[in-house]
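Asks: First, the structure itself, so that you have it in front of you.
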């Protein structure tokens, strides 16, 4: 991340150049290497529709330490280009922590990976915010694509009364019980979860391979080296675009890492 120094005030620079050209040149906007970020993270437990939705927001201050030790504004495009990649890396690390600590496993979800073993019907019941967005898209005829969904999110957004602990938990438990998912089911899910073992590299870098068998063709995983796996990932990135950025590659790797879905094939 780079730090920004100088000014873009042309009137000031023109006046300064008339008196001291060297000072004016030094005062123009320039970028220098920076390090360090000041940020605050906030945990939320609910969606705007009042459903359980554990997530975090991170507020990054416009401050970066320059090579001279002085803190000042950073170059914003650096942050904007990496924001989605950073979010996916965070989600991947969170899933890995839940796998390691609780043994949870994951399955493909409609928009994000879901915990394997939780009934789809229960996920649908606690997806009221998604239904609001989908209903708005259908009612307005807006295309269901990233731009359309973002428009729907903004159009249907309302204040979220964030209430912690007992009030929401009691309502969630009652709704889950009504859907046939009680404490016994949740405890059974944890009790039968995996061993939480973090896979080694031989289990991580795999690609699908079609194999002919007497019963017909099947798809099996083939162990590959990291270079081949990344090359396969890059081909996916260039299916619709001729180029991709480093943050886009990081995002794709994070989404396709073990414990994350969907995989890159």
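Asks: What angle do you read, to the nearest 10 degrees and between 0 and 90, between the alpha-carbon axis of helix 76-102 and the longest principal axis of the chain?
Replies: The answer is roughly 30 degrees.
Asks: Let me ask something else. Expressed in nm to one decimal, what extension gain is obtained for the pair residue 97 and residue 2 from 0.36 nm per residue of sequence separation less their Cα-Cα distance?
Replies: Residue separation times 0.36 nm, minus the Cα-Cα distance, leaves 31.1 nm.
Asks: Once you've got the GNM for the chain with C-alpha springs shorter than 10 Å, pick whichever of 174, 27, 121 has the biggest mean-square fluctuation.
Replies: Among 174, 27, 121, the largest GNM mean-square fluctuation belongs to 27.
Asks: Helix 128-140 versus the longest principal axis of the chain: what is the Cα-based angle in degrees, 0 to 90, to the nearest 10?
Replies: Value to nearest ten degrees: 70.
Asks: Under the rule of -39500 (n - 2.57) per DSSP H run of 4 or more residues, summed and divided by the residues of the chain, what mean residue ellipticity at 222 nm is obtained, to the nearest 500 deg cm²/dmol?
Replies: -14000 deg cm²/dmol
Asks: Determine, for each peptide in 14-24, 125-135, the mean count of other beta carbons within 10 angstrom over its residues, then list the peptides with the highest first.
Replies: Top to bottom by mean Cβ count within 10 Å: 125-135, 14-24.
Asks: Pick from 104, 79, 137: which residue has the top mean-square fluctuation in a GNM of the chain where Cα pairs under 10 Å get a spring?
Replies: In the Gaussian network model the winner is 137.
Asks: Now, a different point. To the nearest 10 degrees, how steeply does helix 146-155 sit against the main Cα axis of the chain, on a 0 to 90 scale?
Replies: 90
Asks: Now for a different question. Pick from 11, 39, 188: which residue has the top mean-square fluctuation in a GNM of the chain where Cα pairs under 10 Å get a spring?
Replies: Of the options given, 11 has the highest mean-square fluctuation.
Every number in this text was worked out from the coordinates using simple rules, so none of it is lab data. This one's a predicted model, so the numbers in the text were calculated from it and none came from an experiment. With ideal geometry, Cβ positions are generated from the backbone for all residues, glycine too; neighbour counts draw on all protein chains shown.
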